[in-house]
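Since the structure comes first, as structure tokens, the remarks are kept for the end.
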Amino acid sequence: MSRTALSGSELAGRLRDRDVSVAPAVLNLLEDASRREEARELLVALGPGVLGGEAPGHIVGVTGPPGVGKSTLLGALVAVWRAADRTVAVLAVDPSSKRSGGALLADRIRIAGPAVGGPGRFIRSMAARERVGGLAPATRAAAQVLAVAFDVVVVETVGVGQSETEVAELADTVVVVVQPGAGDALQFLKAGLMEVPDLLVVAKADVGAAAQTTLGEAQAALHLLGADDTAALAVSALPPGAGIAELAQALDDHRARTDGPARRLATRRAGALADFISEYGAQGLRAVGGRRGAERILIAQSPELDGHSLVEMLALQAGLDQTS
Amino acid sequence: MSGERAPHRLAAPDPAWLMRTYAGHSTAQASNELYRTNLASGQTGLSVAFDLPTQTGYDPGDGLARGEVGKVGVPIAHLGDMRALFDGIDLAQMNTSMTINATAAWLLALYIAVAEERGIEPEVLQGTTQNDILKEFLARGTYAFPPVPSLRLTADMVAYTVEHVPRWNPVNICSYHLQEAGATPVQEIAFALANATAVLDAVRERVAEERIGAVFGRISFFVNAGVRFVEEHAKLRALAVLWEELGRGRYGVSDPTQLRLRYGVQVNSLGLTESQPENNVQRIVLETLAVTLGRNARARAVQLPAWNEALGLPRQWDQQWSLRIQQVLAYETDLLEYPDIFEGSRVMEGLVDELVQGARLELASIEQRGGAVQALSHMKAALVESNRGRLRRIESGEQVVVGVNRYLETAPSPLTADGASAFLTIDLAHEQAQIDALERWRAERNPNAVAEALEELARVARSDENIMPATLAAARAGVSTGEWAGTLRDVFGSYRAPTGVADAPPARGYAEIEQLREDVDRASEQLGRRLKLLVGKPGLDGHSNGAEQIALYARDAGIEVVYEGIRLTPEQIAASALEEGVHVVGLSILSGSHKVLVPQVVAALRDAGVQAPVVVGGIIPQGDVAELLAGGVAAVYGPRDYELGAIVADIVALAVGGSQS
């Protein structure tokens with residue numbers, strides 16, 4: 001890539017103008033270790049204080065075990081959003097990164113489908129750096145800033161039992177996808193090993209009876225957990241498709257009935273803590289008095305502070321130098 | 001000899017197998033001429049090679065068909081093309097094999113329609129449609145619809161031909177491409193039988209119960225044979241054992257003629273080399289022995305590749321040479337005078353037993369996953385892994401390939417002295433001519449009849465009725481190949497086959513990869529973020545071996561690899577490169593359309609503002625390299641470049657160089 005790239009503050013301006021075509025450059029910047037200072041500029045320039053409120057885009061986290069058809073489902077969902085003229089960014093976090101640092105990012109086309117897409121649809125594959133289901137700081141930062149320009153930002157991760165927690169640290173709405181007959185995810189849910197999602201989706205509803213059975217089990221499990229607010233639906237991404245428009249509607253409904261700014265603030269603080277830990281490790285965490293201490297520090301900060309500045313505050317309190 | 005016949009001799013020599021040459025290119029007219037010449041030189045059947053747009057159901061002029069029309073086979077866009085293809089050839093007498101899968105129902109319908117026009121009843125038509133869709137998802141990539149509706153089309157065709165075209169082999173379960181994708185003998189047997197089982201299970205639901213024996217008897221195989229010809233022969237005997245077992249056990253067939261394994265063969269192309277290509281002739285001869293030596297498992301039909309397939313498309317003379325191999329074997333040697341020469345051989349029995357046991361285990365594992373359709377990802381990943389091992393053994397020298405990793409010294413070859421004239425080059429003008437011809441065809445047909453036929457086709461596709469009558473009606477009405485397939489795509493949806501690489505385990509035992517990892521780490525540091533590579537397959541070419549192996553090797557070297565599988569347009573590749581922020585773009589093209597597709601991808605990338613260097617691999621003749629480099633490509637790799645490590649090292653160097661611009 002050539003280095004005539006736009007600077008962090010230029011990119012921030014373009015995103016504020018809702019220019020979605022700069023998304024590739026934004027990701028290139030956020031992933032670039034040699035451009036940390038510019039990334040900081042970008043994040044600060046798009047903080048709620050500067051924007052005069054939260055970024056307007058809907059950040060949706062989609063997670064579930066491998067092979068349940070998340071990407072295909074997302075492809076169908078993206079088509080519904082695009083048909084409604086909503087701009088969509090998808091950050092597909094791939095779990096396959098290896099010790100070597102290499103990764104095979106193969107999900108993109110299942111989301112993209114045959115259409116080229118145009119600037120209203122942006123898909124970026126990202127390798128999960130530290131561990132399976134884990135989110136790189138760049139992913140969280142990307143979701144935050146893309147929500148300034150895009151109507152919908154999807155973060156797709158793979159896993160069960162942990163990934164939904166990670167996604168909950170950045171999403172307005174968390175969707176867990178399971179497949180018919182897959183008892184594992186539901187067992188995790190019942191056993192409390194998994195956070196209750198905002199929406200539970202049984203994919204591959206085209207397989208019929210098995211999907212309906214799983215849907216029934218999911219609804220029963222959610223009821224037992226007292227999570228009657230969590231909608232459960234069965235969808236099929238295979239043509240002619242079923243339940244996709246309903247899923248899009250359910251996502252909108254969830255957003256409409258939740259307190260957006262409050263949740264954003266909570267995710268921003270949780271994300272900042274995760275970023276802080278990923279940067280400074282257990283030692284850094286001890287220096288701020290553990291998780292509880294960190295949370296106390298974060299809560300004391302202005303709600304308008306951007307995620308990056310929150311990490312800096314933690315580092316300051318820990319007596320650690322943020323610049324690297 | 002008179003009186004008592006000696007047990008080691010046949011009373012009369014066997015007749016020779018059916019001799020064919022896989023042929024077709026440019027236009028229906030040019031291919032027709034080629035067929036007539038081939039028949040005049042003693043060929044006894046026809047084997048039609050269709051171009052990729054025809055195989056995948058796109059009309060010439062479609063964006064995805066660019067550069068592919070008439071390239072690896074003949075373009076058949078409508079009834080008129082089929083008429084021209086068989087002009088002057090008596091369909092009542094001919095035995096025609098068609099390598100056609102996703103659109104097999106359509107091509108058979110066109111064939112039947114042409115026969116009807118000539119007053120020939122479908123009952124007398126003889127031939128084979130390959131129609132083994134599952135292996136397309138596993139190995140060859142010319143699928144058009146998702147697995148379940150694809151199998152329904154297959155089942156419809158079988159149900160139809162068993163009643164109306166009884167001498168036709170509607171399905172030729174094709175393990176050929178599995179071996180081309182790297183399958184071991186055990187995998188070749190097991191995956192082919194699993195695919196056959198999926199077809200038979202689907203057909204069983206669409207025919208009367210008492211017809212299943214007849215159906216079973218019409219299923220034939222199309223196998224591969226590699227250069228390890230003793231084991232390869234054992235493979236066919238093992239396949240015969242397991243096929244009979246499957247027929248008796250699962251389908252309750254008892255008629256011995258219905259239970260007999262019938263197979264045709266094209267011997268291995270994967271092992272043919274670009275360097276010292278004359279050695280390919282002896283490879284082909286030995287591979288032919290694998291399928292002819294033992295009478296109990298001898299091929300019914302043989303077609304041989306040509307010596308220069310790793311260089312480019314074979315010319316008529318190259319194909320004639322391969323036909324002559326068959327003729328010398330059948331007519332000069334004593335091969336056909338004896339009963340089975342391996343009966344009682346401990347070696348052969350032992351080998352067969354080993355393969356049978358291995359294949360049974362593999363079959364059980366597929367069955368456990370719910371059958372071949374459910375096990376597609378499993379089988380694909382297993383093939384990628386086998387091929388990875390094969391390349392690894394060649395790279396390390398453990399597996400000898402003469403002229404490639406041993407005995408490299410050679411005197412100048414008169415066969416390739418003339419460079420680009422050592423193979424066939426397709427005139428690019430054919431594509432536009434074919435597009436124009438289709439336009440004329442459309443102008444002359446009855447639009448109402450076409451609309452009605454397509455409407456009826458869509459209705460039948462949505463229903464549970466047999467697809468064949470509506471397909472035949474569409475053929476007669478002048479519907480085009482792309483219209484037929486497009487109508488079904490609208491109903492069935494599109495699909496992308498598993499790439500087989502996502503879950504591949506990390507490489508083991510690569511010493512040189514550690515060094516490469518350090519280089520990648522260093523390059524990544526220099527770039528600011530992890531080195532990212534896009535591996536793209538533009539166009540309709542489904543041969544993904546090379547792309548898969550490069551993607552895996554690069555991943556193991558620490559690179560972030562975006563690989564999206566086959567069949568991408570230049571615009572899709574450019575959009576991916578831009579959105580993914582890759583540092584290098586690698587393209588793989590084996591269909592010979594690199595001269596059209598590569599410039600299009602490069603232009604699309606630059607239009608999108610992506611300056612990343614582009615490298616190209618595939619069956620790229622040496623003579624085309626300069627042109628590609630002049631067109632903005634940074635490096636070109638052909639079959640001669642078998643060391644994956646060296647290619648990936650180049651990519652790393654390019655990524656760093658590219659970032660400094």
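For the protein assembly as shown, the dipole from Cβ point charges (+1 on Lys and Arg, -1 on Asp and Glu) about the Cα centre works out to 820 debye, to the nearest 20. The overall shape of region B:207-291 is prolate: from the C-alpha gyration tensor, with semi-axes ordered a ≥ b ≥ c, the ratio a/c is 1.5 or greater and a/b exceeds b/c.
Ellipsoid semi-axes for the protein assembly as shown, based on the Cα gyration tensor and the rule √(5λ), read 53, 31, 28 Å when sorted largest first. One way to sum up the overall shape of chain B is the equivalent ellipsoid from its Cα gyration tensor, whose semi-axes run 38, 31, 25 Å, largest first.
When accessible surface is computed with a 1.4 Å probe, chains A and B are found to bury approximately 3100 Å² between them, both chains counted.
Distant-in-sequence amide contacts of residue B:253, defined by a placed amide H-H separation under 5 Å and a gap of 5 or more residues or a different chain, comprise B:248.
By its C-alpha gyration tensor, with a ≥ b ≥ c as the square roots of the eigenvalues, how is region B:540-608 shaped: rounded for a/c under 1.5, else prolate for a/b larger than b/c, else oblate? Since a/c reaches 1.5 but b/c is at least a/b, the shape of region B:540-608 is classed as oblate.
Chain A gives an Rg/Rh value of 0.96, both radii derived from C-alpha positions and Rh following Kirkwood.
Under a Gaussian network description of chain A, with springs only between Cα atoms under 10 Å, the residue in A:187, A:144, A:162 that fluctuates furthest is A:187. Considering only A:291, A:124, A:140, the Gaussian network model of chain A with Cα springs below 10 Å gives its largest mean-square fluctuation to A:291. A Cβ-based charge dipole, computed about the Cα centre of region B:285-342 with Lys and Arg at +1 and Asp and Glu at -1, lands at about 180 debye. The lysines whose alpha-carbon is closer than 29 Å to the alpha-carbon of residue B:532, local same-chain residues fewer than 8 away aside, are A:70, A:98, B:380, B:595. Taking only protein heavy atoms and a 1.4 Å probe, the accessible area of the protein assembly as shown is 53% carbon and sulfur.
Taking a ≥ b ≥ c as the square roots of the Cα gyration tensor eigenvalues, region A:1-108 comes out oblate, since a/c reaches at least 1.5 and a/b does not exceed b/c. Placing a label point 7 Å from the Cα of residue A:316 along the Cα-to-Cβ direction, the residues of region A:258-274 whose backbone N falls under 19 Å from that point are A:268-274.
In region B:502-523, the residues whose accessible area drops by at least 30 square angstrom when the other protein chains are added to the isolated chain are B:502, B:517; the probe is 1.4 Å and only protein heavy atoms count. From the Kirkwood radius over Cα pairs of region B:512-659, Stokes-Einstein at 37 °C and 0.692 mPa s returns a whole-number translational diffusion coefficient of 220 µm²/s. Each Cα pair under 8 Å and six or more residues apart adds its sequence gap; the mean of these over the residue count of region B:217-284 is a relative contact order of 46 percent.
For residue A:231, nonlocal amide neighbours, meaning residues 5 or more places apart or on other chains whose placed amide H falls under 5 Å from its own, are A:200. Taking the charge dipole of chain B about its Cα centre, with +1 at Lys and Arg Cβ atoms and -1 at Asp and Glu Cβ atoms, the residue from B:501, B:88, B:183 reaching farthest to the positive side is B:183.
Available extension along the chain between residue B:449 and residue B:14 is 151.6 nm, counting 0.36 nm per residue and deducting the alpha carbon span.
With protein chains left intact and a 1.4 Å probe, residues in region B:272-422 average 47 Å² of accessible area per residue.
What is the dipole size for chain B, taken about its Cα centre, with +1 at each Lys and Arg Cβ and -1 at each Asp and Glu Cβ, in debye to the nearest 20?
640 debye
Reported to the nearest whole Å, the Cα centre-to-centre distance from region B:111-148 to region A:221-290 is 50. Only Cα sites of region A:177-324 enter the Debye sum here, all with the same form factor; the resulting log10 I(q)/I(0) across q = 0.10, 0.11, 0.16, 0.21 1/Å is -0.53, -0.61, -0.89, -1.11, listed in q order. Take every pair of alpha-carbon atoms less than 8 Å apart whose residues are at least six positions apart; their mean separation over the length of chain B yields a relative contact order of 16 percent.
Think of the protein assembly as shown as a dipole: +1 on every Lys or Arg Cβ, -1 on every Asp or Glu Cβ, centred on the Cα centre; then among B:590, A:135, B:305, A:135 lies furthest on the positive end. Cα centroid separation, region B:446-479 to region B:635-659: 50 Å.
Across region B:189-322, Cα pairs under 8 Å and at least six residues apart give a relative contact order of 26 percent.
A straight chain from residue B:464 to residue B:37 at 0.36 nm per residue would run longer than the Cα-Cα distance by 149.3 nm. From helices alone, the protein assembly as shown scores -15000 deg cm²/dmol at 222 nm; the rule is -39500 (n - 2.57) for each run of n ≥ 4 DSSP H residues, then divide by the residue total. Close amide-amide hydrogen proximity is noted between residue B:169 and B:127, B:128, B:129, each under 5 Å apart and 5 or more residues distant or on a separate chain (H modeled in the peptide plane; Pro and chain starts excluded).
A dipole drawn for chain A from +1 and -1 charges on Cβ atoms has a positive end, and of A:282, A:200, A:150 the residue lying farthest that way is A:282.
The values are calculated or read from the model by the stated rules, or taken from the named source; none is laboratory data. Note that the coordinates shown come from a computational prediction; the quantities given were computed from them, not determined experimentally. When we count neighbours, we look across all protein chains shown, and the Cβ atoms used for this are built from the backbone with ideal geometry, even at glycine. Accessible surface areas use protein heavy atoms only, side chains included; no ligands, DNA or RNA. Shrake-Rupley method; radii C 1.70, N 1.55, O 1.52, S 1.80 Å.
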